[in-house]
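For reference, the structure discussed in these notes is given below.
The values are calculated or read from the model by the stated rules, or taken from the named source; none is laboratory data. Note that the structure is predicted; figures quoted are calculated from it, not measured. Cβ placement follows ideal geometry from the backbone for every residue including glycine, while neighbour counts extend to all protein chains displayed.
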Amino acid sequence: MPAWSFYDIFIIYSPKLIKAGGEMPYKKHIREHLRKMRANLNALKEDPHKSGQEKTLRKSLALLDGLEKLYDISEKKSRALKKELSQKKTRLNKTEETLRREIIESEKAGKFIHNNEKKLIKHHRKLEKKVKERTKELETMNEKLLREAGERKKAEKILRDNEKRLRMILDATSDGVWDYNLKTGEAFHSWVKALGYNPEEIPNEIGAFTELLHPDDRKKTIDKINRVLKSLSIDNYSFEFRMRNKQGEWRWILSRGKVVSRDEKNRPFRLLGTHCDITEHKLAEEALRANSLRYRKLFNNVYDAVLTTKLEKNRPGPFIEVNKAACKLTGFEKETLIGMDPSEIIAAGKSPAREMIGKLARNQNTLFELPIITKSKKRLIAEVRSHIFNMGNEKFMILLMRDITSRRQAENKLRLSEERLRLVLEATSDGLWEWNIEDNTFRYDRRIISLLKLPEHGKEFEARTFNIFKEAIHPEDRERFEIKMKKHLKGNTKTFDCSLRIKSKSNRHEWFLCRAIAIRDLSGKPVTVVGSIEDIEERRRFDELKEQFEFQQKLIDAIPIPVYYKDLHGRYIGCNKSMLSFFNTTKDRLIGKTVFDFKENDTETGHKIQASERDFLKTGKSFLSEMEIIIDKRKYNIMTYKSLLFAKDDTPECVVGALIDISRQKTVENALREAQLKLNTILDTMREIIICHDNDMKIMWANKAALETFMKTEKDIIGKLCHEVCFSAGIPCGDCPVVKARASGKMESSLIKSSGERFFEIYGYPVNNYDGNSSGSVEVILDVTERENVRIKAEENKEKLIQADKMNSLGFLVAGVAHEINNPTNYIMINISILRKIWNSLLPLLKEYSSEHGSFQAGGINSEDMASQLPDLIFGIEEGADRIKNIVDNLKDYARPSPIDMSGTVDINTAVERSIVLMTSLIKRSTNKFHLEYGEKIPEVKGDIRRIEQVIINLVQNACHALENKEKALYIKTYRDTKNAKAIVEVRDEGRGISPENMKHISDPFFTTRRDSGGTGLGLSISLSIINDHNGVLEFDSAPGKGTTAKIILPVKNSRTRNISN
């Protein structure tokens, strides 16, 4: 039966533990299930046919330990999830109600504005009609005035009454009136009061109102007015714009006008109209758009599927709006889903589906589970909740759907897994127990009662104190049990596992395996320990015997030489691993066989071993013998040791033997003899003089080079003293390295200079025997004349090499500093782009804020100037960072070590420009008169641009150092020598110049006149080498006190010129 892992149980049970709606099995329910499982496990354990399932039993018991803890944690998470979901639903309902109220208020405001507009138009038309009628009457009266003077007064009174009535109408509408006469230039406007101005503050001029227009509206407003004035057919017009009132606020104005008079060319010259303040209407429109956008965003981002339908006679009609989640759930496109009947997505007949939808309409806010059919004909189970709301005289229903198909499938699997777990637990335990740490209660099942001497109880898992279990543990094991339990409760071990002796039913202590795991609360504090016990008495006795045998076999296997034991008939009954490896066989082929059985094709080896054992059995004494045998067609020299083992009655029982392979020892002896011969041959071919001495400084051996050097034979020098043979002296040398080496016990050497200006280095090596005592010495004489000459030359150039090393280190330092500068520069360049995007996004908001609240200052900058100044400031930061990056990149390229690459092409002007970037700081410190001139149409040069930059930088640096003050000038220019096909870079300074004596050495390595101020003397030497590699010329023209001119002359690409250096 397979063992289930804790992860398997979690996968099976977790969907039920976190089920929405909070219908979670509680701990009591879990324990009821576990109690049944344990009872069944007890019955399974008593079945003797199931005893082979101990390994499965142990694994399954470990799973049971953590199950209850998993349920507790999942229950708390479920409650927190349910609470969070309830809070989110409450916030969503509040948001919907707020949006609904805002929409209703916006609609009311729009209707109110619309009604006012209609009334205003109606009044305006009545007014126009009355003005026309009164004008006609006045014309008639004017004709009659000549005849009826008496009636004039009556007409004037009527006119004044009409005028008063007209003013009252205009005042009642809060509109401003204007009248413009283009011929006379006269203007009348009453809208100034609506903006809070006094009439005398606004001049009666036709263009006076344009000064109060918003800057963004001024041009388009004037363009519209000009279009009306130029038109021969437009009589009525209207448009909207913003004007500033006396408090500095911008107010939206709806201007309506009419052309009332035209000249003989049909061009308008008199216009009448009104100004109406529509600011509140505009604000209401913007608020309505914002609310609608927020609602749409919220609607589309809801996690659950939302579908809206209109109720007609309390019956849902087709869907009128759905969100993205609804389309994802059903698989239909939004356009398809809108207009679809709700019953079409329910996986049931048409009538049952409509009945389900009707039930949702009658029971709003009630959770239902409905079968859903998707576009791909896939059936799902969904949780559906309905909500009905009114909008005006119409009713609407919102359906909230959530796919719970996976959850239902998981619950079915969980029920199946519970049954499987119950069966597993019935088959895998001798007894289960539980210890509640808080109240120290101890519960155990009936199987433990059948095994241990514990108080019996009437009910399964009846509470007892934990002390009764500890008292049943053997006193020698009790302390170990308590220590391991404390470590587990502290969290030092994942599980508790302890073998100990417990008093059994037979009233004696027997061995049991106790396993347990602590269940902790959210803070990590242990609250309960659940565990099991297993009878391991018989297994432990068997394991002890097995361990003894395995330990003995391990001891034999640890012996590095082959060991075997066989009976008196020559059959092998045991061996170690080295024996199997030596004969290249296995235990199955060796045990119970003779040497002839597992070496069938090697009878010669078998006869040798058999003869050796026959002689051994005759004497019965242990003996050691050497023989040569063949194994797998390979010869071995072995040393054999054999001995007899006797039984209790002192009769021989078996033969024990050991084999020692001495083949390598024999091979080494032969190899040593061959090596001695080769060594003598090698020493004779060496040019060095090698002499061996004994302790009396008498020569024992000398190589061929020594014999040839001293022109003696081996017979002439063997046994002679060293100083007699080598130096023809009667006494030993005063500084003899051989004598010093024998005295110090280590190699000694000395250097001797001969009269012929040659140097010899003599080495003395002490030679010791195995006891560590001196047995002689070896003398080696080397001719080191060439090496000593090089060393002397190296000492002379030591200071120069140190300075060169400093320059090399400086290059790495410059590259490192450039890298450190580049990091913050990259931060600036990355962040400045983000800052620019933020500013571009804030600019419209800033303008809107300024239009509503007026001008303000931030950081000393007026809000009107921010739009123009802040982009310049951002550009300045970006330009500075880019400049830093270019300087750093050029510096890194210049400092980066790389081999010369002559395959590239070089633009001379680019090389000069990049060099000047790096030298800008030095040039500014050295002179106020810097002149740079680039030649035109200079062909490219073949070579390495970094090397040419290095030469230019060196020349500019030397020129700056030569300037005595900042009033002396520095000139750099590039030009082309067309006749000779050359590109030329000229660096000229007005410095101190170079003397004729120094001019001879300026290209010598390490020659410098500025060593005290940091000069190295390598610049011009390296520069000349670089120019020579480019087949160019480096020219200098200088005189003391008149400055220096340096020219880099390089052949242009594809020209063929020979190397000419000056």
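Residues in segment 552-589 that are surrounded by 15 or more Cβ atoms within 10 Å (Cβ to Cβ), part of a strand (DSSP E or B) and either touching a Leu at 6+ places or on another chain (Cβ under 9 Å) or not charged (D, E, K, R) (or both): Val563, Tyr564, Tyr565, Tyr572, Gly574, Cys575. Scanning segment 91-107 for residues that are acidic (Asp, Glu) and more than 43 Å from the chain's Cα centre (by Cα) yields Glu97, Glu102, Glu105, Glu107. Could you name every one of the helices (runs of 4 or more DSSP H) located completely within segment 285-387 that has at least 3 residues being closer than 15 Å to Arg402 by Cβ and either in contact with a helix residue (DSSP H, G or I) (Cβ under 7 Å, 6 or more places away or on another chain) or at pLDDT below 80 (or both)? In segment 285-387, 324-330 are the helices (runs of 4 or more DSSP H) which contain 3 or more residues that are closer than 15 Å to Arg402 by Cβ and either in contact with a helix residue (DSSP H, G or I) (Cβ under 7 Å, 6 or more places away or on another chain) or at pLDDT below 80 (or both). When the strands (runs of 3 or more DSSP E) confined to segment 687-787 are screened for residues that are touching a residue at least 40 places away in the same chain (Cβ under 8 Å), those reaching at least 2 such residues are found at 689-693, 774-783. Kindly check whether there is at least one residue in segment 311-332 that is surrounded by 19 or more Cβ atoms within 10 Å (Cβ to Cβ) and under 19 Å from Glu848 (Cβ atoms). No; the residues of segment 311-332 include none that is surrounded by 19 or more Cβ atoms within 10 Å (Cβ to Cβ) and under 19 Å from Glu848 (Cβ atoms).
Per the conditions (1) modelled with pLDDT of 85 or more; (2) more than 52 Å from the chain's Cα centre (by Cα); (3) not hydroxyl-bearing (Ser, Thr, Tyr), the sole criterion not satisfied by Glu940 is (2). Within the bounds of segment 490-501, is there any residue that is under 18 Å from Trp435 (Cα atoms), touching a residue at least 40 places away in the same chain (Cβ under 8 Å) and over 38 Å from the mean Cα position of the chain (by Cα)? Scanning segment 490-501, I find no residue that is under 18 Å from Trp435 (Cα atoms), touching a residue at least 40 places away in the same chain (Cβ under 8 Å) and over 38 Å from the mean Cα position of the chain (by Cα), so the answer is no. Restricting Asn323, Asn314 to those that are over 52 Å from the mean Cα position of the chain (by Cα), polar (S, T, N, Q) and in the same structural domain as Glu383 (by TED's automatic domain parsing) reduces the list to Asn314. Determine whether Glu482 is surrounded by fewer than 17 Cβ atoms within 10 Å (Cβ to Cβ), assigned by TED's automatic domain parsing to the domain that holds Gly531 and over 52 Å from the mean Cα position of the chain (by Cα). So Glu482 does not fit the description; no. State which residue is farthest from Gly574 (Cα to Cα) when the search covers only segment 647-665 and only residues that are assigned to a strand (DSSP E or B) and aliphatic (A, V, I, L, M). Among them, the one singled out is Ile660.
So the check is Cβ under 6 Å with 6+ separation or different chains; which pairs have a first residue in segment 639-659 that's in contact (Cβ under 8 Å) with a residue 12 or more places away in the chain and a second one that's among the hydroxyl-bearing types (Ser, Thr, Tyr) and surrounded by fewer than 16 Cβ atoms within 10 Å (Cβ to Cβ)? Hits for this filter: Thr640/Ser625; Ser643/Ser622; Val656/Ser643; Ala658/Tyr641.
Let's see how each residue does on (1) over 30 Å from Gln552 (Cβ atoms); (2) modelled with pLDDT of 80 or more:
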{"residue": "Ser581", "(1), (2)": "no, yes"}
{"residue": "Asp597", "(1), (2)": "no, no"}
{"residue": "Gly657", "(1), (2)": "no, yes"}
{"residue": "Ile660", "(1), (2)": "no, yes"}
{"residue": "Arg687", "(1), (2)": "yes, no"}
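The single residue among Arg1056, Arg1010 that is surrounded by fewer than 16 Cβ atoms within 10 Å (Cβ to Cβ), modelled with pLDDT under 85, within 14 Å of His961 (Cβ to Cβ) and of a type outside the set (Asp, Glu) turns out to be Arg1010.
Set side by side, the residues Lys310, Lys297, Lys265 differ, and just one is more than 30 Å from His387 (Cβ to Cβ) and charged (D, E, K, R), which is Lys265. The set of residues in segment 370-409 that are within 23 Å of Asn301 (Cα to Cα) and of a type in the set (Asp, Glu) comprises Glu383, Asp403. Residue count for segment 855-869 under the criterion of being assigned to a loop (DSSP other than H, G, I, E, B) and under 20 Å from Glu249 (Cβ atoms): the result is 2. Selection of segment 266-284 for residues being buried (at least 17 other Cβ atoms within 10 Å of the Cβ) and out of contact with any Gly (no Cβ under 9 Å at 6 or more places or on another chain) yields Pro268, Arg270, Ile278.
Within segment 529-551, being outside any helix (DSSP H, G or I) and not assigned by TED's automatic domain parsing to the domain that holds Phe496 holds for no residue.
Evaluating Gly592 against the criteria (1) under 16 Å from Gly657 (Cβ atoms); (2) outside any helix (DSSP H, G or I) leaves one unmet condition, (1).
Cβ-Cβ contacts under 8 Å between residues 6 or more apart (or on different chains), taken from a first residue in segment 218-237 that is without any contact (Cβ under 8 Å) to a residue 24 or more places away in the chain and in the same structural domain as Arg256 (by TED's automatic domain parsing) to a second residue that is surrounded by 10 or more Cβ atoms within 10 Å (Cβ to Cβ) and among the polar types (S, T, N, Q), are listed as Arg218/Thr210; Thr221/Thr210; Ile222/Thr210.
Answer with yes or no whether Ile682 is in contact (Cβ under 8 Å) with a residue 40 or more places away in the chain, β-branched (Val, Ile, Thr) and farther than 30 Å from Ser578 by Cα. When the stated conditions are applied, Ile682 does not pass them.
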